[in-house]
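Derivation of every value follows stated rules applied to the coordinates shown; laboratory data play no part. Small disclaimer: the values here were computed from a predicted structure and weren't measured. For neighbour counting, all protein chains shown are included, and Cβ atoms are generated from backbone atoms with ideal geometry for every residue, glycine included.
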Amino acid sequence: MTTSVPLSGRVVAVTGASKGIGLGIVELLVSQGARVIAGARDVDGLARDGAEFLPLDVTREDSVAAFAQVARSAGVDSLVNNAGVGSFMPLQQISVEEYRRVMDTNVLGTLLMTKALVAHFQSRHAQGQVSQLINITSDVSARTFAGGALYTASKYAQRAVTQALAHEGHAYGLRVTEVRPGMVDTYFNGSEPGEPQKVAWLKPADIAGAVAYALSVPQHVRVDEILLHPVVQDVAF
Ligand SMILES: NC(=O)c1ccc[n+]([C@@H]2O[C@H](COP(=O)([O-])OP(=O)(O)OC[C@H]3O[C@@H](n4cnc5c(N)ncnc54)[C@H](OP(=O)(O)O)[C@@H]3O)[C@@H](O)[C@H]2O)c1
């Protein structure tokens with residue numbers, strides 16, 4: 001790979017930024033000189049130099065519109081769709097409410113947030129500027145397992161949205177990257193960071209590193225997909 005491009009001067013919007021992978025992305029990007037517009041439902045008390053934390057519910061169009069307005073005003077050049085929820089149970093236990101919670105957050109949220117910035121990215125392209133979209137899906141965006149019907153359906157769908165947008169965005173120079181982490185030590189699915197079984201899992205900073213890499217490749221390079229696992233997890237493609 002040729003030289004990487006520094007992130008200073010970049011403006012990146014990150015969803016699901018209050019903890020876990022999203023907060024890790026915020027922290028790494030600001031440490032590398034980017035300005036970050038960071039959104040989640042509960043951002044009380046959050047502050048990092050270089051980051052602006054705003055309330056955001058990706059399932060609500062009005063909330064997405066308000067967040068996107070601030071991002072556009074800040075001159076956002078890249079969006080990281082990271083907000084997501086887990087849900088693991090046998091199929092017969094999946095309720096309509098749970099289906100809607102997971103699909104609304106992981107799929108509709110990605111769609112609404114991206115949709116709110118497409119015109120902005122198109123107008124940047126018309127002015128000769130490039131933009132990037134990075135979707136944090138999962139290693140299970142292309143494989144499934146018992147108990148994973150709902151979550152993996154949402155991640156397969158998020159992958160499909162990502163790939164369709166990559167085709168559409170090609171017309172206006174949008175570089176689209178799917179980041180697919182295996183097991184990451186976060187608050188995911190109601191867990192706590194640092195639980196004994198999670199010690200050897202990926203850390204939020206590992207995923208943040210993948211995002212920073214995709215954002216910092218030279219402008220003629222597009223990173224389509226990054227699949228990464230902790231060494232302790234089975235090899236799975
Ligand atoms: N941990 C893993 O092993 C793993 C592996 C592969 C992929 N992933 C994916 O990585 C992403 C981040 O997960 P994580 O592990 O960092 O989980 P996490 O620690 O639970 O963090 C999830 C983040 O998403 C936010 N969020 C949830 N619903 C939201 C909504 N409706 N609107 C805006 N923000 C919302 C949460 O903040 P609020 O609750 O304050 O809104 C929080 O900041 C998810 O898409 C997940 O599917 C995780």
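Per-residue Cβ neighbour counts within 10 Å put Phe121, Phe188, Phe145, Phe88 in the sequence Phe145, Phe88, Phe188, Phe121, beginning with the fewest. Counting only residues at least eight positions apart within a chain, or on another chain, the aspartates and glutamates with an alpha carbon under 18 Å from that of Lys19 are Glu27, Asp42, Asp44, Asp49, Glu52, Asp57, Asp185, Glu192, Glu195, Asp206. Residues Val184, Val235, ranked from the fewest to the most other C-beta atoms within 10 Å, line up as Val235, Val184. The GNM of the chain, with springs linking C-alpha atoms under 10 angstrom apart, assigns the highest mean-square fluctuation among Ala40, Ala17, Ala66 to Ala66.
Rounded to the nearest Hz, the phi-derived 3J(HN,Hα) couplings of region 145-157 under the Karplus curve 6.51 cos²θ - 1.76 cosθ + 1.60 (θ = phi - 60°) are 6, 4, x, x, 3, 6, 5, 6, 4, 5, 7, 4, 5, where x marks glycine and proline.
Just so you know, the Cα atoms of the chain work out to an Rg and Dmax of 16.9, 52 Å.
Exposure proxy ranking for Met113, Met103, based on other Cβ atoms within 10 angstrom of each Cβ and starting from the fewest, stands as Met103, Met113. Once backbone amide H atoms are built at 1.01 Å from N, Ala38 has Val14, Glu52, Phe53, Leu54 as its partners under 5 Å, excluding neighbours fewer than 5 places away on the same chain.
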